[in-house]
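Visitor: The structure that follows is given in the form of structure tokens.
The values are calculated or read from the model by the stated rules, or taken from the named source; none is laboratory data. These numbers were taken from a predicted model, which means no experiment stands behind them. Please note: Cβ atoms are built from the backbone with ideal geometry, for glycine as well, and neighbour counts cover all protein chains shown.
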Amino acid sequence: MKKVIAFLTIVLAFTMTSQAQHSMKKDNMMDAPVKTIALEQVKGEFVQKEIKVNPGTYVFTVSNNAVGHNVGFVLVPAGKDISNPENHIKTAYVTEQVATGQTQSSQKTTLTAGKYYYFCPLNPTATDNLLIVE
């Protein structure tokens, strides 16, 4: 009987430890640092044409450097039709249009490995600006 109780105690302790480790891993993923990708727009273009980052959670900040009117930000996975708003990564939109001389941020956006195109729908920027996540 003592052996059975000892065995059950070991199994219970192992189960509790495994559950605690799983919970810690889950909490650590949720607490992973949010990084910032800073972009600047000038008349007709983004200053940054290609950006490489690791997979993770990011906030995009977009600065309007003397464009002369409000600007925005759109992020689309490569291979998707950029003109279809259903393909846009909505969390990457800046939370409000960016006025001249101002900077606005997006919501947290989780990026997985792959290529993404970004552009401004209000400032006729090229649509081949590339964000590579590797």
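Rundown of residues vs (1) at pLDDT 95 or above; (2) at positive phi; (3) crowded, with 16+ Cβ neighbours inside 10 Å; (4) not aliphatic (A, V, I, L, M), yes/no style:
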position: ASP27; (1), (2), (3), (4): no, no, no, yes
position: LYS49; (1), (2), (3), (4): yes, no, no, yes
position: LYS108; (1), (2), (3), (4): yes, no, no, yes
position: TYR118; (1), (2), (3), (4): yes, no, yes, yes
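Visitor: Between ALA99, ALA78, ALA126, which is among the small types (Gly, Ala, Ser), modelled with pLDDT under 95 and surrounded by fewer than 19 Cβ atoms within 10 Å (Cβ to Cβ)? Talk me through it step by step, then tell me what you get.
Guide: On the way: ALA99 fails: modelled with pLDDT under 95; ALA78 fails: modelled with pLDDT under 95.
The unique qualifying residue is ALA126.
Visitor: Between GLU86, GLU45, which is buried (at least 17 other Cβ atoms within 10 Å of the Cβ) and out of contact with any strand residue (DSSP E or B) (no Cβ under 8 Å at 6 or more places or on another chain)? Working first, answer last.
Guide: On the way: GLU86 fails: buried (at least 17 other Cβ atoms within 10 Å of the Cβ).
Of the residues listed, the single one that is buried (at least 17 other Cβ atoms within 10 Å of the Cβ) and out of contact with any strand residue (DSSP E or B) (no Cβ under 8 Å at 6 or more places or on another chain) is GLU45.
Visitor: Being outside any strand (DSSP E or B) and not charged (D, E, K, R) is the filter here, so list the residues in segment 105-131 that pass it.
Guide: Let us first name the residues in segment 105-131 that are outside any strand (DSSP E or B), namely 107-108, 112-113, 120-128.
Residues satisfying the conditions are GLN107, THR112, ALA113, CYS120, PRO121, LEU122, ASN123, PRO124, THR125, ALA126, THR127.
Residue by residue, here is whether (1) β-branched (Val, Ile, Thr); (2) within 18 Å of LEU130 (Cα to Cα); (3) touching a His at 6+ places or on another chain (Cβ under 7 Å) holds:
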| site | (1), (2), (3) |
| --- | --- |
| GLN48 | no, yes, no |
| ILE51 | yes, yes, no |
| THR57 | yes, yes, no |
| VAL62 | yes, yes, no |
| ASN65 | no, no, no |
| HIS69 | no, no, no |
| ASP81 | no, yes, no |
| LYS90 | no, yes, no |
| TYR93 | no, yes, no |
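Visitor: Out of curiosity, is LYS80 basic (Lys, Arg), assigned to a strand (DSSP E or B) and on the phi < 0 side of the Ramachandran plot?
Guide: Numbers: basic (Lys, Arg): yes; assigned to a strand (DSSP E or B): no; on the phi < 0 side of the Ramachandran plot: yes.
So LYS80 does not fit the description; no.
Visitor: Can you name every residue in segment 54-76 that is assigned to a strand (DSSP E or B) and closer than 21 Å to ASN87 by Cα?
Guide: Of everything in segment 54-76, those that are assigned to a strand (DSSP E or B) and closer than 21 Å to ASN87 by Cα turn out to be GLY56, THR57, TYR58, VAL59, PHE60, THR61, VAL62, VAL71, VAL74, LEU75, VAL76.
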